[in-house]
Amino acid sequence: MSLTVQMLGTGWAFSKKYNNTNALVQYKGYNLLLDCGFTAPAALHELNIKPYQIDGVFITHLHADHIGGLEEYAFQMMYTYKKKPVLFIPTTLRQAIWDYSLRGGLENPGENITSLEDYFDVHEIPVGVRTEIASGFTLETFLTKHIPDKPSYAVLLNDHFFYSGDTCFDLKLLNTLFYQRNCTAIFHDCQLFNPETVHATLDDLLTLPLEMQKIIYLMHYGDNMENFTDKIGQMTFAKKHQLYSFPLEEKSIY
Ligand SMILES: O=c1ccn([C@@H]2O[C@@H]3COP(=O)(O)O[C@H]3[C@H]2O)c(=O)[nH]1
Ligand SMILES: [Zn+2]
Ligand SMILES: [Zn+2]
């Protein structure tokens with residue numbers, strides 16, 4: 001079986017060219033959306049993908065380029081398609097995503113709509129626990145070094161496909177993924193300028209061994225990406241809308 005990835009966008013938070021870095025991952029017929037930023041509804045429309053074709057959404061953290069499209073998604077699914085979508089949310093983000101991000105727009109006391117569960121079939125994901133989200137499809141989260149005291153998570157699918165979300169350079173995690181967990185694909189955020197702020201810089205990623213670079217796909221990059229196409233070593237720039245396919249063995253938590 002293969003896992004396929006299609007990036008709805010590959011840009012940084014302020015990109016005006018590449019959309020938000022959000023990904024549609026398909027495995028055994030299950031469509032998982034990794035993050036749903038403010039450009040995601042338009043990006044899905046660009047790909048002629050309807051909201052109801054998504055089987056579940058996973059959220060890495062609460063920045064708008066990762067959750068800003070959830071209000072439209074929630075309203076569309078409730079009022080247009082009359083379906084309750086699945087939301088996979090790291091346990092530590094479950095209350096905050098409602099109280100501090102979605103409640104203002106989604107709460108409707110007059111209709112007794114007062115919680116995240118009124119819109120979503122909510123599945124909390126405990127960090128570091130390999131969780132089966134669909135038959136043979138497992139998801140495991142890692143706390144990333146992004147904004148101090150604001151939890152942000154990376155995700156590992158079926159032990160082999162890693163998606164960084166937003167993180168600073170974390171050599172220890174990358175070594176664990178590559179040498180111990182035998183990762184075969186690493187989609188990683190990449191800040192094209194120095195010094196490091198709250199994302200891994202290209203210069204830091206270029207210090208990685210070449211055999212690791214060969215499986216790294218760079219995303220969450222600036223609009224000046226085209227100035228760097230010959231400056232990324234053995235790594236690859238992930239491109240918006242391109243389909244990437246990775247063979248995966250079946251995984252179960254049993
Ligand atoms: O301490 C901070 C907090 C934020 N920021 C910027 O705001 C952006 C928010 O989305 P993002 O996480 O994709 O990227 C972040 C950075 O571009 C920053 O440079 N330093
Ligand atoms: Zn971001
Ligand atoms: Zn962020």
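Any residue at all in the stretch 83-94 that is over 22 Å from Val25 (Cβ atoms), more than 16 Å from ligand 2 (Cβ to nearest atom) and not basic (Lys, Arg)? Reasoning before the result, please.
To start, the set of residues in the stretch 83-94 that are over 22 Å from Val25 (Cβ atoms) comprises 92.
If we keep only those that are more than 16 Å from ligand 2 (Cβ to nearest atom) as well, we get 92.
If we keep only those that are not basic (Lys, Arg) as well, we get 92.
Within the stretch 83-94, one or more residues are over 22 Å from Val25 (Cβ atoms), more than 16 Å from ligand 2 (Cβ to nearest atom) and not basic (Lys, Arg).
How many residues does the stretch 103-119 contain that are part of a helix (DSSP H, G or I) and open to solvent by less than 10 Å² (accessible area, probe 1.4 Å)? Even if it seems obvious, please write down each step before you answer.
Step one: filter the stretch 103-119 for residues part of a helix (DSSP H, G or I), giving 103-106, 109-111, 116-118.
Next cut, open to solvent by less than 10 Å² (accessible area, probe 1.4 Å) only: 106, 116.
Selection size over the stretch 103-119: 2.
Could you tell me which residue of the stretch 180-196 is nearest to ligand 3 (Cβ to nearest atom), considering only residues that are in contact (Cβ under 8 Å) with a residue 12 or more places away in the chain and surrounded by fewer than 18 Cβ atoms within 10 Å (Cβ to Cβ)? Outline the logic, then answer.
Of the residues in the stretch 180-196, the ones in contact (Cβ under 8 Å) with a residue 12 or more places away in the chain are 181-193, 196.
If we keep only those that are surrounded by fewer than 18 Cβ atoms within 10 Å (Cβ to Cβ) as well, we get 181-182, 184, 193, 196.
Numbers: Arg181: 24, Asn182: 28, Thr184: 25, Phe193: 16, Glu196: 14 Å.
Taking the candidates together, the pick is Glu196.
If only one of Leu206, Leu177 is open to solvent by less than 50 Å² (accessible area, probe 1.4 Å) and more than 16 Å from ligand 2 (Cβ to nearest atom), which one is it?
Values: Leu206 fails: open to solvent by less than 50 Å² (accessible area, probe 1.4 Å).
Going through Leu206, Leu177 in turn, just one is open to solvent by less than 50 Å² (accessible area, probe 1.4 Å) and more than 16 Å from ligand 2 (Cβ to nearest atom): Leu177.
Which residue pairs have Cβ atoms closer than 6 Å, lie 6 or more positions apart in sequence or on different chains, and pair a first residue in the stretch 197-219 that is more than 14 Å from Trp12 (Cα to Cα) with a second residue that is more than 16 Å from ligand 2 (Cβ to nearest atom) and open to solvent by less than 40 Å² (accessible area, probe 1.4 Å)?
Met212/Phe178; Gln213/Met235; Ile215/Ala185; Ile215/Ile186; Ile216/Ile186; Ile216/Met235
Looking at this structure, is Val122 within 16 Å of ligand 2 (Cβ to nearest atom), assigned to a strand (DSSP E or B) and crowded, with 16+ Cβ neighbours inside 10 Å?
Details: within 16 Å of ligand 2 (Cβ to nearest atom): no; assigned to a strand (DSSP E or B): yes; crowded, with 16+ Cβ neighbours inside 10 Å: yes.
Here the answer is no, as Val122 does not meet what is asked.
Scan the stretch 181-204 residue by residue and report those that are among the aliphatic types (A, V, I, L, M) and within 16 Å of ligand 1 (Cβ to nearest atom).
Looking only at the stretch 181-204, we keep the residues that are among the aliphatic types (A, V, I, L, M), and these are 185-186, 192, 198, 200, 202.
Those that are among the aliphatic types (A, V, I, L, M) and within 16 Å of ligand 1 (Cβ to nearest atom): Leu192, Val198, Ala200, Leu202.
If a residue must be open to solvent by 10 Å² or more (accessible area, probe 1.4 Å) and touching a helix residue (DSSP H, G or I) at 6+ places or on another chain (Cβ under 8 Å), how many such residues does the stretch 154-170 contain? Steps first, please.
Filtering the stretch 154-170 down to residues open to solvent by 10 Å² or more (accessible area, probe 1.4 Å) leaves 159-160, 168-170.
Filter again for touching a helix residue (DSSP H, G or I) at 6+ places or on another chain (Cβ under 8 Å), leaving 169.
The qualifying residues number 1.
Considering only residues that are open to solvent by less than 20 Å² (accessible area, probe 1.4 Å), over 20 Å from Glu140 (Cα atoms) and not hydrophobic (A, V, I, L, M, F, W, C), which ones fall in the stretch 83-98?
Pro85
Looking at the stretch 26-57, which of its residues are open to solvent by less than 40 Å² (accessible area, probe 1.4 Å) and assigned to a helix (DSSP H, G or I)? Reasoning before the result, please.
Start the filter on the stretch 26-57 by keeping residues that are open to solvent by less than 40 Å² (accessible area, probe 1.4 Å), which leaves 27, 30-37, 39-41, 43-44, 47, 49, 51, 54, 56-57.
If the condition is that a residue be open to solvent by less than 40 Å² (accessible area, probe 1.4 Å) and assigned to a helix (DSSP H, G or I), then Ala40, Pro41, Ala43, Leu44, Pro51 are the ones that fit.
Only one of these conditions is not met by Thr60: (1) open to solvent by 30 Å² or more (accessible area, probe 1.4 Å); (2) closer than 19 Å to His146 by Cβ; (3) not hydrophobic (A, V, I, L, M, F, W, C); (4) not in a helix (DSSP H, G or I). Which number is it?
Among (1) open to solvent by 30 Å² or more (accessible area, probe 1.4 Å); (2) closer than 19 Å to His146 by Cβ; (3) not hydrophobic (A, V, I, L, M, F, W, C); (4) not in a helix (DSSP H, G or I), the lone unmet condition for Thr60 is (1).
Does the stretch 156-177 hold any residues that are in contact with a strand residue (DSSP E or B) (Cβ under 8 Å, 6 or more places away or on another chain) and more than 16 Å from ligand 1 (Cβ to nearest atom), and which are they?
Start the filter on the stretch 156-177 by keeping residues that are in contact with a strand residue (DSSP E or B) (Cβ under 8 Å, 6 or more places away or on another chain), which leaves 156-167, 169, 173-174, 177.
If the condition is that a residue be in contact with a strand residue (DSSP E or B) (Cβ under 8 Å, 6 or more places away or on another chain) and more than 16 Å from ligand 1 (Cβ to nearest atom), then Leu156, Leu157, Asn158, Asp159, His160, Phe161, Phe162, Leu173, Leu174, Leu177 are the ones that fit.
With the requirement that a residue be among the hydrophobic types (A, V, I, L, M, F, W, C) and in a strand (DSSP E or B), what does the stretch 63-102 give you? Walk me through it before giving the result.
Going through the stretch 63-102, the residues among the hydrophobic types (A, V, I, L, M, F, W, C) turn out to be 64, 67, 70, 74-75, 77-78, 86-89, 93, 96-98, 102.
Answer for the stretch 63-102, where residues must be among the hydrophobic types (A, V, I, L, M, F, W, C) and in a strand (DSSP E or B): Val86, Leu87, Phe88, Ile89.
Among the candidates Leu218, Leu243, single out the residue that is within 30 Å of Pro126 (Cα to Cα), surrounded by fewer than 13 Cβ atoms within 10 Å (Cβ to Cβ), in contact with a strand residue (DSSP E or B) (Cβ under 6 Å, 6 or more places away or on another chain) and aliphatic (A, V, I, L, M).
On the way: Leu218 fails: surrounded by fewer than 13 Cβ atoms within 10 Å (Cβ to Cβ).
Matching residue, one of Leu218, Leu243: Leu243.
The values are calculated or read from the model by the stated rules, or taken from the named source; none is laboratory data. Everything quoted here is computed from the prediction, not taken from an experiment. With ideal geometry, Cβ positions are generated from the backbone for all residues, glycine too; neighbour counts draw on all protein chains shown. These area figures cover heavy atoms from the full protein model, side chains too; ligands, DNA and RNA do not enter into them. Shrake-Rupley method; radii C 1.70, N 1.55, O 1.52, S 1.80 Å.
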